[in-house]
Amino acid sequence: MASTAAPPPDPIRAFISSITNQVNRPVGLAVDGSDRLYAGNWFQDTVSRFAPDGTFQATIGPTGISAPGGLAIDSSGRLLVANENANTVSLFDDGGVLLATIGASAGLVAPSGLAVDSAGNVYVSSGTGSSDSLISKFDSVGVFQFSWITPDVSAFLATRPVPEPSTVALTLAACGNLAAFLRWRGRKAAGRTA
């Protein structure tokens, strides 16, 4: 005789449902060393933290957050938030306390992508349709080091419409290479490493 019991709840659907009930227009995601998920709430100027099972744990911000874009977690477990409207990056401790704001004098414009290397250096992608897209490097304590124009942007702009805002994503490979992925009006350009 076949069982008529209801199937067990789908953990993936429960996880997604939990997150979508807490996050409005998620733009940045990060996972820490404890497998907790962080999701930026662009319209609320906050970041939501979830347990590995999707259970909502905490809201970080709005102090220190303005239209969160990219998120990253450094090797000490601190959360970095790219503030697209404030042109800065905020650093929070594990408890959500604002520790520092970096990039205010570095010329960031709508920062959207973040990556942190094993030495704690922070890489920030920024730029909009009215400015060049840049990748800026900050040392582990937030001191600006240098910026460079992302690969192929100058040549691309000479022949095509300018990129839309928030078009550069960053990631670091295990070997330490920084990769930038560019997107223009629905088309993807090949990633390049530096």
Problem set entry | Lone unmet requirement of (1) part of a loop (DSSP other than H, G, I, E, B); (2) open to solvent by less than 10 Å² (accessible area, probe 1.4 Å) for Pro62 | (2)
Exercise. What residue, of Leu98, Leu91, is modelled with pLDDT of 85 or more and either open to solvent by less than 40 Å² (accessible area, probe 1.4 Å) or of a type in the set (S, T, N, Q) (or both)?
Worked result: Leu91
Exercise. So, in segment 1-41, of the ones that are open to solvent by 90 Å² or more (accessible area, probe 1.4 Å) and closer than 18 Å to Gly70 by Cβ, which residue ends up modelled with the lowest pLDDT?
Worked result: Arg25
Problem set entry | Residue list for segment 121-150, restricted to those being modelled with pLDDT of 90 or more, crowded, with 21+ Cβ neighbours inside 10 Å and more than 15 Å from the chain's Cα centre (by Cα) | Phe138
Problem set entry | In segment 42-58, residue surrounded by the fewest Cβ atoms within 10 Å (Cβ to Cβ) [restricted to those that are under 16 Å from Asn83 (Cβ atoms) and out of contact with any strand residue (DSSP E or B) (no Cβ under 6 Å at 6 or more places or on another chain)] | Phe43
Problem set entry | Sole exception among (1) part of a strand (DSSP E or B); (2) free of Cβ contacts under 8 Å to residues at least 40 places away in the same chain; (3) of a type in the set (A, V, I, L, M) for Leu80, by number | (2)
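Give segment 66-88 a look and list any residue that's of a type in the set (S, T, N, Q) and either over 17 Å from Asp32 (Cα atoms) or crowded, with 17+ Cβ neighbours inside 10 Å (or both), or say none.
The first filter runs over segment 66-88 and keeps only residues of a type in the set (S, T, N, Q), leaving 66, 75-76, 83, 85, 87-88.
If the condition is that a residue be of a type in the set (S, T, N, Q) and either over 17 Å from Asp32 (Cα atoms) or crowded, with 17+ Cβ neighbours inside 10 Å (or both), then Ser66, Asn83, Asn85, Asn87, Thr88 are the ones that fit.
The values are calculated or read from the model by the stated rules, or taken from the named source; none is laboratory data. Because the structure is a prediction, the values reported are computed rather than measured. All Cβ positions, glycine included, derive from the backbone under ideal geometry; neighbour counts span all protein chains shown. Keep in mind that these areas ignore ligands, DNA and RNA; they rest on the heavy atoms of the full protein, side chains included. Shrake-Rupley method; radii C 1.70, N 1.55, O 1.52, S 1.80 Å.
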